[in-house]
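Below you'll find the structure, written out as structure tokens, and then a few comments.
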Amino acid sequence: MERIIKIVPAMLLTISVSAQNYNDVINFNKCDYVGTARSQAMGSAFGALGADLTSQSINPAGLAAYRATEIGMSIGVDVDKSTSNYNGYKSDDDKISVPFSNIGASFIFGNTMRENTQGILSQNFSISYSRLADYNRNATYSDLYSRNSLLDYFCIDDKENNNDILNDEFSGKIANDAGWITGPFTDESTNTNITFSTNVWEDPYGDNILNLDARVDANGLGLIDHIQHVKEKGYKGETSFAYAMNISNKIYWGASMGIVSMRYKEKVTHYEDYYGTPFDNTNSNFTYTTDLDNQGSGINFKAGMIVKPVNALRIGLAVHSPSFMKINERYETSIDGAYDNYIYRSPSGDYDYNYRTPGKFVGSLAGIIGSYAIVSVDYEMSDYGKSKFKDEDGGSSTYYDNINKQIENTLKRTQTLRAGIEGRVIECLYLRAGYNMQTTPYKNGILQNSYKHQAISGGIGFRHNNFFLDAAYVCRTDKGDRWVLPDVTYLYGEDNTAASIESKSHNVIVSVGFRF
């Protein structure tokens, strides 16, 4: 847990847009309801519709809309393309994955004849696995002619807190062992006893004080180039057990228990090349690598209701409890030697802790236009600032209280809008379209203008007798900022900027199933 002790406060104060750091908060809450092709094509707006295996992840009352038992499965192909812009330099990257989206069965019990109109007409039990989110993405960030170095960040504990850099075994200590950081030295220019370390690229200039101008050539261009590769992969899924009942064809009620599973892996490879004069035969470039592996599982509960005041209108309401998760985290780093070709590695950190996601509220409306068309809208609200970290025994401490306070001060309530439409072209053929967007989880002044998450979708469905086949295409767009180098302007006066990144995910999903 020491990695989070160091990273989360920094994340929320100075490097909050670094994917490696904010994923611990944002990724655990991510939810796109990547389920059946029908739901995906209609923007996952199924809170008031139901009769779809994805609906039990949104509003379990929708299962009561089934009039037959259904068994189905869904699989997809995802192509993610990312474009970054760092100090005016653009880089592209991509990744292809084949996610398993959904599998499940919904069993109906009771008399489902349409002439029955009073009392409990049918009951439904369902078991389903749905993928809630995918984390598969590659991204590259690069720039030229910079004065800034990642090595400066490794010295923050000395510069800011008068701490020993050797206490941080994942950055400062291995950089010191590898020879990239020397010192600490006394900063006589301020007439204080504060000590701090500098990297070896500063030593040729004799004052042992960070000198950014020493990293500029005769033409005023910086002497450092950066390339950073970020590889992410993983998923968040939910195995759900649900029960629902149909009361007089006017009220649908349902509840579910979900078992959440999550795996997130990230490898960041940061390369720097220095074109100045290396000190004492040191190398002029280095590669610093971080490996993060998060695995988690948890449980949540959902309850919902759908009311049909008239046959053409459905009104849905659902409440999701927080997901109570146990997380195991493994983290390690490595760096090239400054004087040799040896790779210096940190110990492998292995930590266990608890995490609680915020709860959710889902309100929905759906209009049924005869047997020809459906229009559906969902509104979902969740307060990211209510996310909580606790120790592995579920307790609290000053450390966790500080992290949770920072989360509360940084993140806020998000609002998600999902909309979908379906039209019947001929007796067995359906066309669908959908839209999905989420507001920023960051409070004013923190990524407020850079955050963007939306999806546009479409699809086609075929139904004949007891068989159905659906296909959907979804284009998701995620846009944000990332600190390739931490923002340490307040310490060193570096003129540093964040990189912008836009990721477009092109997902094709196919579902097949039977009703009987």
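Descriptive notes on the structure:
- Strands (runs of 3 or more DSSP E) lying entirely in segment 435-516 (those with 1 or more residues that are modelled with pLDDT under 90, in contact with a helix residue (DSSP H, G or I) (Cβ under 8 Å, 6 or more places away or on another chain) and buried (at least 20 other Cβ atoms within 10 Å of the Cβ)): 467-482
- Set Ile315, Ile369, Ile343: member being among the hydrophobic types (A, V, I, L, M, F, W, C), more than 25 Å from the chain's Cα centre (by Cα), open to solvent by 50 Å² or more (accessible area, probe 1.4 Å) and within 25 Å of Thr439 (Cβ to Cβ): Ile315
- Answer residue from segment 324-340, given it is polar (S, T, N, Q) and open to solvent by 10 Å² or more (accessible area, probe 1.4 Å) and is farthest from Ala303 (Cα to Cα) among those: Ser334
- Selection from segment 386-415 of residues that are within 24 Å of Gly304 (Cβ to Cβ), open to solvent by less than 50 Å² (accessible area, probe 1.4 Å) and free of Cβ contacts under 8 Å to residues at least 40 places away in the same chain: Thr414
- For Gly349, the test of being within 18 Å of Ile306 (Cα to Cα) and of a type in the set (Gly, Ala, Ser) is failed.
- Members of segment 129-185 found to be modelled with pLDDT under 90 and of a type in the set (Lys, Arg), listed by number: Arg147, Lys159, Lys173
- Residues that are in a loop (DSSP other than H, G, I, E, B) and closer than 23 Å to Gly172 by Cβ within segment 334-375 comprise Gly337, Ala338, Tyr339, Asp340, Asn341, Tyr342, Ser346, Pro347, Ser348, listed in sequence order.
- Residue tally, condition under 19 Å from Phe468 (Cα atoms), assigned to a strand (DSSP E or B) and either touching a residue at least 24 places away in the same chain (Cβ under 8 Å) or within 27 Å of the chain's Cα centre (by Cα) (or both), over segment 416-430: 6
- Contacts under 6 angstrom Cβ, first residue in segment 58-78 being hydroxyl-bearing (Ser, Thr, Tyr), partner crowded, with 24+ Cβ neighbours inside 10 Å, 6 or more apart: Tyr66/Ser106; Tyr66/Asn124; Ser74/Thr36; Ser74/Ala37; Ser74/Ser101; Ser74/Asn102; Ser74/Ile509; Ser74/Ser511
- The listed residue being closer than 30 Å to Phe107 by Cβ and open to solvent by 40 Å² or more (accessible area, probe 1.4 Å), out of Tyr235, Tyr271, Tyr252: Tyr235
- Segment 201-225 residues that are within 17 Å of Ser284 (Cα to Cα), paired with ones that are of a type in the set (A, V, I, L, M) and at pLDDT below 65 (beta carbon under 9 Å, 6 or more apart): Glu202/Ile209; Glu202/Leu210
- For segment 73-113, a residue qualifies if it is open to solvent by 10 Å² or more (accessible area, probe 1.4 Å) and outside any strand (DSSP E or B), and the qualifying residues are Asn87, Gly88, Val98, Gly110, Asn111, Thr112, Met113.
- Checking the stated criteria, Asn404 turns out to be touching a Lys or Arg at 6+ places or on another chain (Cβ under 6 Å) and more than 22 Å from Met437 (Cα to Cα).
The values are calculated or read from the model by the stated rules, or taken from the named source; none is laboratory data. Predicted model, so just to flag it, every value in this text is computed and none were measured. No Cβ is skipped: glycine too gets one built from the backbone with ideal geometry, and neighbour counts run over all protein chains shown. In case anyone asks, the SASA skips ligands and DNA or RNA and just uses the protein heavy atoms, side chains included. Shrake-Rupley method; radii C 1.70, N 1.55, O 1.52, S 1.80 Å.
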